[in-house]
Structure formats: C-alpha cells, structure tokens
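Below is one structure; the comments refer to it alone.
The values are calculated or read from the model by the stated rules, or taken from the named source; none is laboratory data. In this text, all values refer to a predicted model and were calculated from it rather than measured experimentally. We place every Cβ from the backbone using ideal geometry, glycine too, and count neighbours over all the protein chains shown.
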C-alpha cells in the first residue's frame, strides 16, 4: 500500500511540473527576463520586439507580483504598444532602450480621443492597477524616423496611461518624442520620481483628471509645450524638479482648469521660453507655491 501511494505521489508531482510554462522557469514565477542575446525567458532580435515583450507582460499580468526584466545592453524595437497589466513591474537595466520602429502608420492624430490613443507604453482604461515602471530609456524616434510629424498632434505618444490606480515611474528617460512623454487620464495615486524628459513633442507629464500625483526630482528639457501640466488635478505635488528648454516650448508647470490642494516647491525654473508657472483658465483651491527658483 505504501509503495502504491508513493508511486501515485511521484506521478502527480511529475504532471504538475510538466504543466508549468517553460517561460516561467519552473516554480520561480517572480521574474521574467527578456533579452536580446538569447539568454532570456523571452528572446528578442531587435525587430518587432513588442511581440515577445507583450508575451512576458501578459504572463506577468496572469501571475500578480511578477517583474518583467529587460536585459541590457540592448535596444528593443517596437512597432506596437506594450500593454501593461496589474501588479506588474516593468524594469530595465543599464543600456536598455525601448525604441519606436520606423515606417509605422500614424498612431493617433489631432482628432483622436485620449481613450482611443495609442502609445509605446500603454495602460488602457481601468485595465491595470499597482504598476511600477523603472530604470529604462524610451526613445520616440522623432528625429530618426518621423521628422515630418507635426509635434504635439497626439501622434506616437510615448506613454498613455488611463484609469490606473497606483502607478510609480522611476529613473526612466523619455527622449526624442513626437507627443507627450507621459499622458495620465483618470488615474490616482501616482508617483513620478527621478525621470528625465528630453525633447518630447508635447508635455513632459500631462496629468488630466487625476487625483493624487507627485512629480519630484525630475529633469525636463522642453521642446514643445510645458514640462508638466496639471489639468483638473486634485492633491498634486510638483517638487524639486529642474525645468529648462532646448530652445522652445512653454512653461515649467502649467496649471489648468480646476486644481485643488496643489503644492509647488523646491523647483528650479530657468531659461524657459514661457513663464515658470502658467495659470490657464484656472479655478484654484488651496494652491501653495513657495521656495522655487525662477
């Protein structure tokens, strides 16, 4: 009887192990590695890399708490949105760049609604919560492949994040973009810390209808529009950022619409093409601005 029980246990154990997806690395489901050198759980070749990265992100969304780690140095070329799900960390390391592919049909455009926008990094409406994006570079390829695109016309957004509850973006560089670096809509509990935005095509951070957002310790080099825009924002902090220009753009911080419980302090606004802080058709409640260099 004992031998029969042990044999049954062995058979069941084997069946369980053989049904675990190979990409999950057996029982370890916490980190999925994406690589360009053949060493990852998901392997890319610098062409249509969104396909493999999205497979990793889908697996992570199905296994809450998983990290998708992009191995460097490598440039991951994407021709479609990277779709990020709940309870997921998307991270890179030194030398990791996500770059928009050339020759794509127009994403978005002047008549597109936010809900219908397409972006390199994407959270569709209310599809994700508790997300972390960190330690990588996002290259929008504007000067390389799309120099004729009119900047700021909602084409080829770098990140469009809609309806996300709980989002952290840390140590990410956004550069060379055709439109916003980060567009947030109907989101809450947002932390943007230590990012660099270098010459995007619209706002560096565009928070529209957002509750609870902190933007701190960031470097913004404007080209078009403002470093950061709080449009109908409640409970917002803009602190210890450096805002300047490459020769164009507008304000360091743009306040627009109904803004409530806003603190702006410790920022260095210098050499801007517009005002340090712009107030555009605002209805302001408890807005505190202090200890900034202008």
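Report yes if residue 205 is over 14 Å from residue 237 (Cβ atoms), crowded, with 24+ Cβ neighbours inside 10 Å and within 12 Å of the chain's Cα centre (by Cα), otherwise no.
no
Within region 113-122, how many residues are surrounded by fewer than 16 Cβ atoms within 10 Å (Cβ to Cβ) and either in a loop (DSSP other than H, G, I, E, B) or at positive phi (or both)? Break it down stepwise before answering.
Taking region 113-122 and keeping what is surrounded by fewer than 16 Cβ atoms within 10 Å (Cβ to Cβ), we get 113, 115-116.
Checking the rest, the ones that are also either in a loop (DSSP other than H, G, I, E, B) or at positive phi (or both) come to 113.
Qualifying residue count for the region: 1.
Out of all the residues in region 250-294, which are crowded, with 19+ Cβ neighbours inside 10 Å and out of contact with any strand residue (DSSP E or B) (no Cβ under 6 Å at 6 or more places or on another chain)?
The answer is 250, 267, 292.
Looking only at residues that are over 18 Å from residue 229 (Cα atoms) and part of a strand (DSSP E or B) in region 152-172, which one is modelled with the lowest pLDDT?
Checked region 152-172; the qualifying residue modelled with the lowest pLDDT is 155.
Among the residues of region 131-163, which ones are over 27 Å from residue 74 (Cβ atoms) and either in contact (Cβ under 8 Å) with a residue 24 or more places away in the chain or in contact with a strand residue (DSSP E or B) (Cβ under 6 Å, 6 or more places away or on another chain) (or both)?
151, 152, 153, 154, 162, 163
Taking region 226-249, which residues are surrounded by fewer than 24 Cβ atoms within 10 Å (Cβ to Cβ) and either in contact (Cβ under 8 Å) with a residue 60 or more places away in the chain or in contact with a strand residue (DSSP E or B) (Cβ under 7 Å, 6 or more places away or on another chain) (or both)?
Correct list: 231, 232, 234, 235, 237, 239, 240, 242, 244, 245, 246, 248.
Are any of the residues in region 185-193 under 20 Å from residue 280 (Cα atoms) and in contact with a helix residue (DSSP H, G or I) (Cβ under 7 Å, 6 or more places away or on another chain)?
Taking every residue of region 185-193 in turn, at least one turns out to be under 20 Å from residue 280 (Cα atoms) and in contact with a helix residue (DSSP H, G or I) (Cβ under 7 Å, 6 or more places away or on another chain).
Hey, can you tell me all the residues within region 123-147 that are assigned to a loop (DSSP other than H, G, I, E, B), at pLDDT 95 or above and surrounded by fewer than 18 Cβ atoms within 10 Å (Cβ to Cβ)?
Across region 123-147, the qualifying residue is only 147.
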